[in-house]
1. Would you mind stating whether B:V55 is crowded, with 19+ Cβ neighbours inside 10 Å, out of contact with any Gly (no Cβ under 6 Å at 6 or more places or on another chain) and without any contact (Cβ under 8 Å) to a residue 12 or more places away in the chain?
2. It is to be established whether one or more residues within the stretch A:51-64 are at pLDDT 90 or above, over 23 Å from B:E156 (Cβ atoms) and within 7 Å of chain B (Cβ to nearest Cβ).
3. With A:A23, A:A68 as the choices, which residue is among the aliphatic types (A, V, I, L, M) and within 22 Å of B:F160 (Cβ to Cβ)?
4. Given A:L87, A:L45, A:L32, which one is within 8 Å of another protein chain (Cβ to nearest Cβ) and in a helix (DSSP H, G or I)?
5. So which residues in the stretch A:1-53 are crowded, with 20+ Cβ neighbours inside 10 Å, out of contact with any Leu (no Cβ under 7 Å at 6 or more places or on another chain) and among the hydroxyl-bearing types (S, T, Y)?
6. If the Cβ limit is 8 Å and pairs must be 6+ apart or interchain, which residue in the stretch A:1-19 that is in contact (Cβ under 8 Å) with a residue 24 or more places away in the chain pairs with which residue that is of a type outside the set (A, V, I, L, M, F, W, C) and not in a helix (DSSP H, G or I)?
7. Which residues, taken from the stretch B:20-49, are assigned to a helix (DSSP H, G or I), farther than 28 Å from A:W52 by Cβ and either at the interface with another protein chain (Cβ under 10 Å from one of its Cβ atoms) or of a type in the set (D, E, K, R) (or both)?
Amino acid sequence: MSIEWFLPISAIVFAIGLAGVIAKRNPLVVLLCLELMLNGANLALVAFSRMWGSGDGQIFALVVMAIAACEVAIGLGLIVAIYRRELPVDVDELGELQG
Amino acid sequence: MSYVIFFLAAIIAIAGALGVVMLRDPFFSVLSLVCHLIALALLFLLLRAELIAAVQVVVYAGAVMVLYVFVVAYIGDGSERLADRLRRGTVAQPLLRTGALLAGSALLAELLIALTGSGLKAVESAGAPYHKGPRAFGTPAFIGKLLLTRFLLAFEIASFLLLVAAVGAVVLAGRRGREDEEAPPQGAGAPALQGAAGGPPAGGELVEAAR
């Protein structure tokens, strides 16, 4: 299996995630699309790790997973806090912090 | 054989990613992401990253997605606000969608041009030689040895970051009793919030159940 097959998959997944982050209004789905972007990057990291035969890329992928878990915990905590305060769960309407 | 698995997993991964973006109900988006993650784990296996594939399935598709499902079930899909949204007339939405599609396809084109134009000969090969064995490339022994020797600092920082994130999530999502009573927030949400904080036990029970 040639390495070059994996890289377009990773690029496609990353681009889909970016489009979702821009287009979606529900913060939950925005977080899901962020996960997509992280996973696209992970696939490229693991593919390049296989290419060089060293474990650095895989360690990097593991760290990315840990950071994704942190991001999920904080993001979902924020969403639950927004919901508890009866604010709209919609990224377009939560514009109070705009300058 | 590996080609069949590769194309199957790649198609499922891309379809899952498209499903996350296109499905309307967030719950189905989460399920679609689970499909995507499992297909991605298959691709990792093809790249001989055994530990990463296992972690992907157990931690990502297992634990993290359960967290998502809980929060989606707690919050709901927000469809009761659909009428409200239609009344306001969101003109920006089609524009936003076109912009997102443009940005996504521009990035994809750029990445593909970079990939095809890189001229890396190593990319076109099947990768470095692979020798079977208990400490072969990608096994838990291999990754564990790297994590505890060369990448010890990254390992410790990641664990500390996870600790901080867990504490932060509890602080953010935890019940705030005193704070709400002292300073009721101003604006449209204030009366409803005071009603919820002041008294109906049903709301409190719901919160307890959601925990």
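1. Taking the combined requirement at face value, the residue satisfies it.
2. no
3. Within the list A:A23, A:A68, the selection yields A:A68.
4. Going through A:L87, A:L45, A:L32 in turn, the sole match is A:L32.
5. Matches in the stretch A:1-53: A:S49 only.
6. Filtered contacts from the stretch A:1-19: A:I3/B:S125; A:I3/B:G127.
7. Correct list: B:V20, B:V21, B:M22, B:P26, B:F27, B:S29, B:V30, B:S32, B:L33.
The values are calculated or read from the model by the stated rules, or taken from the named source; none is laboratory data. Keep in mind it's a predicted model, so treat the numbers as computed, not measured. Reconstructed Cβ throughout: ideal geometry from the backbone, glycine too, with neighbour counts over all protein chains shown.
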